[in-house]
Amino acid sequence: MRRLTAALALGLILPRGARPAVLERVEVVEDGGPVVRLHVSEPVKPVAHPLAAGANLPDRIYLDLPVTATGPAAPAVTRGVGPLLRVRTARFDTSTVRVVLDLAAALPFTLQTDAHTVIVRLGPGRTEAAPAPPPASQPEAAPAAEPAGPPPPSPSAAASPSPPAAPGPPPAVASEPATEPLDLPTRPPTPPTEPEAPARATKPRIAAAEAPRAAPEPSGPTAPSANPPAPRPPAGTDRHGSSDRALPLIIIDPGHGGHDPGAAGVGGVVEKDVVLDIARRLAVKLATRLPVSVVLTRLDDSYVPIERRVPEAAEAALFLSLHANACHDPSARGVEVFYGGGAGGPGDPIAADRAMRLGRAVESALATVVGGVRGDARPGTFAVLARNAVPGVLVEIGYLTHPGDAARACDEAYQDLLTDALVEGVRDFLRVSAPVL
């Protein structure tokens, strides 16, 4: 994707006085079972939880590393061994790195730390060696009760079994996650339970997405950041551990930017700012919920011309462009969905059908989760769709000239709801068009 702008630059915001750790590298070894070693520059206090398999979701374990950044050598995806399919790393919020272990089947695990390593050991516990005690400043977590049977098919997490008895302090064992829906908070998160529908176990940098900023104030533009060149779509493993194909690539296009503000609305809200904020939030959710790679066409308040937004060849699974509407009639409101593009030329029925299925999947999810969708998904003549080599969908998130639409476009709770719906729509489309899902 040579002409696309790339993965999000690191924008770490830390609590006052905190010294951030850096996740420097990820190591996967076989030592009587899969072992994952996360090498960090400073001691961290990880929080780990298992998540049971759901619809199109593998069993997995996730770890949140608070007050942590990803280093340049830390891979987005590391190939697993045995029942460990892969290890994925991504920004979860502005000060947290999330590490996800995708599993072929549910496995017990133990978690231990030392000054510069977080170790996750999968499978039956080892009794021949005692784990290293955690740093003095880190309280040990009490072992969770051993489960009575295999995890239920819902995404709520089953408790992880207790670690084996061994001399010395026991390793910390993850407890059940809370039953709150997955959110993207601006403070270190409490352990969430992921909704069942989206397939979060993925591999992006993740892919190219880092954490979203907080929802913008209507009167203020987003702060500019560096815009590095776009990476090639990363090759990855499918959910069965095969590495012979890349994961589906999703291109997220926040409309306008730079000298092109787009629509201006009630309270000073500007289209280019609000859609960038939503795009960054969406990128993280897609990257952590689905086995996909994600890139954005712009990462900051910069103008990207159409020829650099649109892929030159069908190198991506889909293209999703975010915009906001305006109208001289202040009563106009609602979400609108347009579709177009595809691998074929003009009039190609196969390409048109794929684009239509993408549009309908996104429109259906928005109507179900968010509501207020104006009409059905319909073909669009926008340049980012008409000139696109991959199936594309353009979502107008609302009318910024309507007081209600303008207010909720900047509301974090609504942005979460909207991006949840977009993940659902993308997932439904990819379930049919991308075998990896």
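Could you please find all residues in the stretch 330-344 being touching a residue at least 60 places away in the same chain (Cβ under 8 Å) and outside any strand (DSSP E or B)? Can you show your working first?
Taking the stretch 330-344 first, the residues touching a residue at least 60 places away in the same chain (Cβ under 8 Å) are 330-336.
Result: 330, 331, 332, 333, 334.
I'd like to know if the stretch 310-320 contains one or more residues that are in contact (Cβ under 8 Å) with a residue 60 or more places away in the chain, open to solvent by 50 Å² or more (accessible area, probe 1.4 Å) and acidic (Asp, Glu).
Yes, there is a match, as at least one residue in the stretch 310-320 is in contact (Cβ under 8 Å) with a residue 60 or more places away in the chain, open to solvent by 50 Å² or more (accessible area, probe 1.4 Å) and acidic (Asp, Glu).
Which one of these does residue 21 not meet: (1) modelled with pLDDT under 85; (2) more than 23 Å from residue 295 (Cβ to Cβ); (3) not charged (D, E, K, R)?
Here residue 21 meets the rest and fails (1).
Go through (1) buried (at least 24 other Cβ atoms within 10 Å of the Cβ); (2) among the basic types (Lys, Arg); (3) in a helix (DSSP H, G or I) for residue 298 and report which single condition fails.
Of everything listed in (1) buried (at least 24 other Cβ atoms within 10 Å of the Cβ); (2) among the basic types (Lys, Arg); (3) in a helix (DSSP H, G or I), residue 298 misses just condition (3).
Just give me the residues in the stretch 29-63 being in a strand (DSSP E or B), touching a residue at least 40 places away in the same chain (Cβ under 8 Å) and within 21 Å of residue 292 (Cβ to Cβ), in sequence order. Let's see the steps before the verdict.
If we filter the stretch 29-63 for residues that are in a strand (DSSP E or B), which is where we start, we get 29-30, 34-40, 47-51, 54, 57, 59-63.
Cutting the leftovers down to touching a residue at least 40 places away in the same chain (Cβ under 8 Å) gives us 29-30, 34-40, 47-51, 54, 57, 59-61, 63.
Within the stretch 29-63, 51, 54, 57, 59, 60, 61, 63 qualify.
Based on what the data block shows, is residue 69 touching a Pro at 6+ places or on another chain (Cβ under 8 Å), more than 24 Å from residue 114 (Cβ to Cβ) and open to solvent by less than 10 Å² (accessible area, probe 1.4 Å)? Step through it out loud before you land on a result.
On the way: touching a Pro at 6+ places or on another chain (Cβ under 8 Å): yes; more than 24 Å from residue 114 (Cβ to Cβ): no; open to solvent by less than 10 Å² (accessible area, probe 1.4 Å): yes.
Taking the combined requirement at face value, the residue does not satisfy it.
Within the stretch 248-268, work out how many residues are open to solvent by less than 10 Å² (accessible area, probe 1.4 Å) and touching a strand residue (DSSP E or B) at 6+ places or on another chain (Cβ under 8 Å). Working first, answer last.
Residues of the stretch 248-268 open to solvent by less than 10 Å² (accessible area, probe 1.4 Å): 249-255, 257.
Narrowing further to those that are touching a strand residue (DSSP E or B) at 6+ places or on another chain (Cβ under 8 Å): 249-255.
Final tally of qualifying residues: 7.
Please go through the stretch 395-421 and give me each residue that is of a type in the set (Val, Ile, Thr) and part of a helix (DSSP H, G or I), ordered by number. Break it down stepwise before answering.
Step one: list which residues in the stretch 395-421 are of a type in the set (Val, Ile, Thr), which gives 395, 397, 401, 419.
Within the stretch 395-421, just 419 meets the criteria.
Name every residue in the stretch 332-373 that is at pLDDT below 95 and hydroxyl-bearing (Ser, Thr, Tyr), in order of residue number.
364, 368
Restricting to the stretch 356-373, name every residue that is part of a helix (DSSP H, G or I), more than 16 Å from residue 385 (Cβ to Cβ) and open to solvent by 20 Å² or more (accessible area, probe 1.4 Å).
The answer is 364, 367, 368, 369.
Any residue at all in the stretch 68-78 that is in a loop (DSSP other than H, G, I, E, B), at pLDDT 50 or above and farther than 18 Å from residue 40 by Cβ?
Here is the first cut: in the stretch 68-78, the ones in a loop (DSSP other than H, G, I, E, B) are 71-76.
Add one more test, that the residue is at pLDDT 50 or above, and what stays is 71-76.
Subsequent filtering for residues that are farther than 18 Å from residue 40 by Cβ retains none.
Scanning the stretch 68-78 turns up no residue that is in a loop (DSSP other than H, G, I, E, B), at pLDDT 50 or above and farther than 18 Å from residue 40 by Cβ.
Any residue in the stretch 270-287 that is assigned to a strand (DSSP E or B), of a type in the set (Asp, Glu) and open to solvent by less than 10 Å² (accessible area, probe 1.4 Å)?
Going through the stretch 270-287, the residues assigned to a strand (DSSP E or B) turn out to be 270.
From the residues that got through so far, the ones that are of a type in the set (Asp, Glu) too are none.
For the stretch 270-287, residues assigned to a strand (DSSP E or B), of a type in the set (Asp, Glu) and open to solvent by less than 10 Å² (accessible area, probe 1.4 Å): absent.
The values are calculated or read from the model by the stated rules, or taken from the named source; none is laboratory data. What you see is a predicted model, and the numbers here were worked out from it, not measured in a lab. Quick reminder, even Gly has a Cβ in these numbers, built from the backbone with ideal geometry, and neighbours come from all protein chains shown. In case anyone asks, the SASA skips ligands and DNA or RNA and just uses the protein heavy atoms, side chains included. Shrake-Rupley method; radii C 1.70, N 1.55, O 1.52, S 1.80 Å.
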